[in-house]
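Any read-out appearing in this document is the output of simple, stated calculations on the displayed coordinates, not a laboratory observation. Just so you know, these numbers come straight off a predicted model, no measurement behind them. Because the Cβ atoms are built from the backbone with ideal geometry, glycine has one as well, and the counts that use them run over all protein chains shown.
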Amino acid sequence: MDAHALSNGTIFLSIPTSDDIDVITQCCQHPSIGQWVTIPVPYTRDNARTFIEDIVGPGWAGHSPTWALRTYEGGPVVGMIGLGARDESAAEIGYWLIPDERSRGLMTQAVNLVCDFGFRPDGLGLRRISWRAFVGNYRSAAVARRCGFRYEGMARLGSLHRGVSRDHWLAARLPTDPPGVADGWPAEFDRELERTPRTH
């Protein structure tokens, strides 16, 4: 698949390259990213280089695209978002954002852009995009819920995180799901949804 940049005029999703290695390395020093994302800790420059060479490149060559989130065209990386193929019709979304840029609606916009591309016939033509997060990651859940992901439950010890089995939440979005905040999430998720701006 050819690399495909995305933008709504406010955020810019482009392909991370070797020029971004130092900034990605710096971003991934934030403890709140390592707490919830399956990256190596400590995160080194070699890890960032491996990410670019072994994940980003091959991912775009297949059906698992990754984008760097930037607040202006050609700007530094402030987050990352990608779709990991599960089969020809389904993928799992994953994302992270540096703390200084949170609660501004950036990741919600990014998730909507990526899902739109994923569902488009001239994009990936997906029929399902799933989301999962370790239990406790309410910020990620708030973004997914705002973007129309329907809660599907919790997988007990369903994910391995640096050698430790952890529970994770599950949700998914189909192209036929209505836009906007998804109903049907357990009440425990309401607090974070109400705490963050409507654009988050």
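Worth a mention:
- Ranking of Asp46, Asp100 by neighbouring Cβ atoms within 10 Å, starting from the fewest: Asp100, Asp46.
- Gain upon complete extension [Ala5, Asp177; 0.36 nm per residue less C-alpha separation]: 59.5 nm
- Residue-span extension gain [Leu160 to Ala61] - 0.36 nm each, minus C-alpha spacing: 33.0 nm
- Rounded FRET efficiency, nearest 0.05, which uses the C-beta distance separating Glu152 from Trp36 and R0 of 22 Å: 0.70
- Relative contact order of the stretch 40-132, defined on C-alpha pairs under 8 angstrom at six or more residues apart (%): 20
- Spatial separation of Cα centroids for the stretch 123-153 and the stretch 54-83, in angstrom: 18
- Within the listed set Gly84, Gly74, Gly136, the residue fluctuating most in the Gaussian network model of the chain (springs between alpha-carbon atoms under 10 angstrom) is Gly74.
- Among the listed options (1) 10.6; (2) 11.8; (3) 13.5, the one matching mean projected area of the Cα convex hull in nm² as calculated from these coordinates is (1).
- Fewest-first sequence of Arg86, Arg146 by Cβ atoms within 10 Å of each Cβ: Arg86, Arg146
- For the pair Asp167 and Asp87, label points projected 7 Å from Cα toward Cβ lie 2.9 nm apart.
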